[in-house]
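Participant: I am attaching a structure below and will ask some questions about it afterwards.
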Amino acid sequence: MPAPAPAPDEPGVPAASPKAIRAALLPEEAGDFDREYRQAMNEAVESLELTGVLALLRRWQRVAWSSRDERAHRRMLERADQLSAGAAVTTEPWSVTRARLGL
């Protein structure tokens, strides 16, 4: 089970506004955010429903939070790409990661 997202009021967590989230992203992720945000907003205009926009902002807020450590975030993205490509990547159970990090 993945770790819970950080609370929005934790230090270092970007505000949930689109502008704050985008400012906290790595440059190569900003374009993906822009595209997804525009699509969610267009759908909200048609449906008069903001649920999709709010879910998108929560998801990207977690990405922005992860981006605080740029090297670790880039390493995580590289590992995810390797796993998606079927490469053999050393992994560990979440319980081991928690213990290693003292969580």
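No value in this document is a laboratory result; all are computed from the given coordinates. Here the structure is a predicted model, which means the values were calculated and not measured. For neighbour counting, all protein chains shown are included, and Cβ atoms are generated from backbone atoms with ideal geometry for every residue, glycine included.
Participant: Given the DSSP H assignment, sum -39500 (n - 2.57) over each helix run of at least 4 residues in the chain and divide by its residue total; what's the result at 222 nm in deg cm²/dmol, nearest 500?
Facilitator: Details: 5 runs with 67 residues, N = 103.
So the calculated ellipticity at 222 nm is -21000 deg cm²/dmol.
Participant: Report the FRET efficiency, 1/(1 + (r/R0)^6), for Glu28 and Leu48, where r is their Cβ-Cβ distance and R0 is 41 Å, rounded to 0.05.
Facilitator: Values: r = 33 Å, r/R0 = 0.81.
Here the calculated transfer efficiency is 0.80.
Participant: Evaluate the relative contact order of the chain (contact order divided by residue number), counting alpha-carbon pairs under 8 angstrom at least 6 apart; express in whole percent. Could the numbers behind the result be given before it?
Facilitator: Numbers: 61 pairs, mean separation 30.3, N = 103.
Computed value for the chain: 29 percent relative contact order.
Participant: Subtract the Cα-Cα distance of Arg79 and Ala55 from 0.36 nm times their separation in residues, and report this length gain in nm to one decimal.
Facilitator: Details: separation 24, 0.36 × 24 = 8.64 nm, distance 2.50 nm.
Contour length minus the Cα-Cα distance gives 6.1 nm.
Participant: If you take the beta carbon distance between Ala72 and Ala15 as r and set R0 to 22 Å, what does 1/(1 + (r/R0)^6) give as a FRET efficiency, to the nearest 0.05? Kindly include the intermediate steps, with their values, before the conclusion.
Facilitator: Details: r = 22 Å, r/R0 = 0.99.
With a Förster radius of 22 Å, E is 0.50.
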